[in-house]
1. Give me the one-decimal Kirkwood hydrodynamic radius in Å for region 1-46, with the sum taken over alpha-carbon pairs.
2. So for the pair VAL251, THR75, with labels modelled 7 Å out along Cα→Cβ, what separation do we get in nm?
3. For a Förster distance of 51 Å, can you work out the FRET efficiency between the beta-carbons of ASP188 and CYS327, rounded to the nearest 0.05?
4. Once each part is reduced to its C-alpha centroid, what is the distance from region 27-43 to region 254-272 in angstrom?
5. Beta carbons within 10 angstrom, averaged per residue: use that to sort the peptides 378-387, 359-368, highest first.
6. ILE163: net charge of surrounding residues, Cβ under 15 Å, Lys/Arg +1, Asp/Glu -1, itself excluded?
7. Among 399-408, 5-14, what's the highest-first ranking by average C-beta atoms within 10 angstrom per residue?
8. What does the net charge come to around LYS148 if you take all other residues with beta carbon closer than 14 Å to its beta carbon, with K and R at +1 and D and E at -1?
Amino acid sequence: MANIKRPNGTEDILPSASRDWQVLERMLRETADVYGFREIRVPTFEQTDLFCRSVGETTDVVQKEMYTVTAKESTFTLRPEGTAGTIRAMLQNGLLNEALPQRVYYILSCFRHERPQAGRLREFHQFGVEMAGSPHASADAEVISLAKNIIDMLGIKGIQLYINSIGCPTCRKAYHKALQDYFAASKDQLCETCLSRLEKNPMRILDCKSPICGEIAKDAPVILDYLCDDCSTHFEQLKKHLAQLSIDYQVNPKIVRGLDYYTKTVFEFVTTDIGAQGTVCGGGRYDGLIGQLGGPETPALGFGMGLERLLLTLRNQGVTLSEPDSCDLYIAPMGEAAAEKAFAMTAVLRREGIAAQTDVMGRSLRAQMKYADKMNAKFTLVLGDNEIAEGTADVKNMQSGDKSKVRLDDAFAEDFSAILLDSLFSTGEGLEALMK
Ligand code: ATP
Ligand code: MG
């Protein structure tokens, strides 16, 4: 029987890559903390209706990409994004009754049945933030600045920030009419999905992935020409705040975002270094969503950052996040008595927080040293009958080749790590070198 393979569009994150993920995630958490965002963890699946009502019935995500499962007569959907579940959780747990604005962040996986390609997976990971309670453009600038800060701290170069305003229901009435008039002329060339969008939600046509619809939409009217006074002022204020923060941006009236809940500000951070799927972060304001989900009318906004795309950008730009794996000390025993001693020593060292390893394969000394080398051991210690008889052994610094003697005396066994560290100090290596 053939071996079972992972599903299309999913990835295994192997030990050789998981360090980068850990460094990235740590950095995301620390930066979110600095901005006053606190972590929220929500379920992997939600009632299907939650996504239909928030992401929107006419979006690609809801129409084509959701993983919906029926179990014991109930229907659920694997989350295609993080905002809907987060807002649901904030409402259900009364977070909006606490001090506003509420700032939360999450790191989670999302599921979308899309065509897998570079930067587009069926299970992918997002870092996202949501901020609820403020209608002011300063909040938009704050959220954008958090995303920008993360990108800068990671050392990613050449990312462009695009901003746009897609207005509110007031400005959209006239805009929808203008779009319907514009697309009416090429009605028979639109794809089937867009044809139905023409009536219900013509703005969605601008986000269609079909090249024919894309071509037709090229000269479509832009929403910026239809903004009401309130939305227009908001957009001007956002630009002022971004300038204040010295954040470079370009206004791109074509950005409409793939989810229906956005109002006013939308933005994307785009790189040209990872091919066609270059949007590493997308977000915006969604002032109507909380009310739409049954909560009190509350202005809010947020973004989602694709972690695979971030890591891919870093890799393509030659930025490394983590050091190669290594162990602090490899103890290579020769013979049974030494093996027993080495076993006990590693246990003591590990309690002290030192990453110590010894043989569990019954290997020869030569083979053990080869393994220690593969493990990138910083120090090695060979333990044979002589060493046990004399109660001392050499610790070898694998990089410099320097050796220093440590005592193995039974009476000192408990203190071994302290002695080891001392001896490393005396060779000038020091505690830090060993613990790094
Ligand atoms: P795109 O235009 O790339 O399809 P989107 O508008 O569907 O993106 P959002 O729903 O706003 O994306 O998700 C936020 C971020 O999550 C995206 O900017 C991207 O970095 C990432 N992302 C979205 N879909 C995928 C996917 N299928 N695979 C990997 N990352 C994704
Ligand atoms: Mg998409």
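Here, each number is a calculation from the coordinates, and none is a lab measurement. This structure is a prediction, so every number in the text was calculated from the model and none was measured. Note that we place each Cβ from the backbone using ideal geometry, even for glycine, and neighbour counts take in every protein chain shown.
1. Values: mean 1/r = 0.0719 Å⁻¹.
Answer for region 1-46: a Kirkwood hydrodynamic radius of 13.9 Å.
2. So the label points at VAL251 and THR75 sit 4.3 nm apart.
3. Numbers: r = 67 Å, r/R0 = 1.32.
Given R0 = 51 Å and the Cβ-Cβ separation, E is 0.15.
4. Here the answer is 22 Å between Cα centres.
5. Values: 378-387: 19.6, 359-368: 13.0.
Put in order of decreasing packing, that is 378-387, 359-368.
6. +2
7. Numbers: 399-408: 14.9, 5-14: 10.5.
Packing order, densest peptide first, comes out as 399-408, 5-14.
8. On the way: positive: LYS157; negative: ASP140, GLU142, ASP152, ASP248, GLU268.
After counting each charged neighbour, the total is -4.
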